[in-house]
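Q: Can you keep this structure in mind? I'll have questions shortly.
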Amino acid sequence: MNTTITTPATDCSGAHPVLPEQLSWSWADWVEHYGGDLADLVGDAYAVSVLQVSDADTCRLSPRALERLLQEHGFTTALLAVDAHPLLPLEHAGQALTWLGY
């Protein structure tokens with residue numbers, strides 16, 4: 001018997017947009033949103049780990065980190081750019097996580 005592990009977002013039609021009130025959130029606000037305390041990673045540990053590799057001032061991922069995050073979920077940066085209608089910079093960790101359904 002094979003076990004399949006699914007990720008929160010499996011197709012683009014179910015993608016989630018960033019909410020207008022999230023546009024002004026700081027890096028710490030995003031961490032709090034995912035219920036994460038950086039000391040013990042409670043809440044969504046995966047989402048907090050993504051935020052940890054983003055810039056603490058801008059919440060942006062490096063192009064490579066964004067590409068890797070999206071590849072882990074079966075998506076591409078180009079698809080995010082087209083489907084997310086990004087309100088935040090494309091490399092914004094919160095933008096990518098929200099779009100992926102976290």
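The values are calculated or read from the model by the stated rules, or taken from the named source; none is laboratory data. Everything quoted here is computed from the prediction, not taken from an experiment. Counting neighbours? That spans all protein chains shown, and the Cβs are built from the backbone with ideal geometry, glycine included.
Q: Quickly run through segment 32-41 and pick out the residues that are at pLDDT 50 or above and of a type in the set (A, V, I, L, M). Steps first, please.
A: Keep residues of segment 32-41 that are at pLDDT 50 or above, which gives 32-38, 40.
Scanning segment 32-41 gives a single hit, Leu38.
Q: Could you list, in sequence order, the residues of segment 72-92 that are charged (D, E, K, R) and outside any helix (DSSP H, G or I)? Before you say what the answer is, go through the steps one by one.
A: Here is the first cut: in segment 72-92, the ones charged (D, E, K, R) are 72, 83, 91.
Across segment 72-92, the qualifying residue is only Glu91.
Q: Please go through segment 71-99 and pick out each residue that is over 17 Å from Gln22 (Cβ atoms) and either loosely packed, with under 15 Cβ neighbours inside 10 Å or basic (Lys, Arg) (or both). Give the steps one after another, and end with the answer.
A: Residues of segment 71-99 that are over 17 Å from Gln22 (Cβ atoms), as a first pass: 71-79, 81-83.
Answer for segment 71-99, where residues must be over 17 Å from Gln22 (Cβ atoms) and either loosely packed, with under 15 Cβ neighbours inside 10 Å or basic (Lys, Arg) (or both): Gln71, Glu72, Gly74, Thr76, Ala78, Leu79, Ala81, Val82.
Q: Being outside any helix (DSSP H, G or I), modelled with pLDDT under 90 and more than 14 Å from Leu100 (Cα to Cα), is that true of even one residue in segment 22-31? Explain how you work it out, then say what you get.
A: Taking segment 22-31 first, the residues outside any helix (DSSP H, G or I) are 25-26.
After this cut, where a residue has to be modelled with pLDDT under 90 as well, the list is none.
No, that holds for no residue.
Q: With the requirement that a residue be part of a loop (DSSP other than H, G, I, E, B) and at pLDDT 85 or above, what does segment 1-21 give you?
A: Restricting attention to segment 1-21, the residues satisfying the condition of being part of a loop (DSSP other than H, G, I, E, B) are 1-11, 15-19.
Residues satisfying the conditions are Val18, Leu19.
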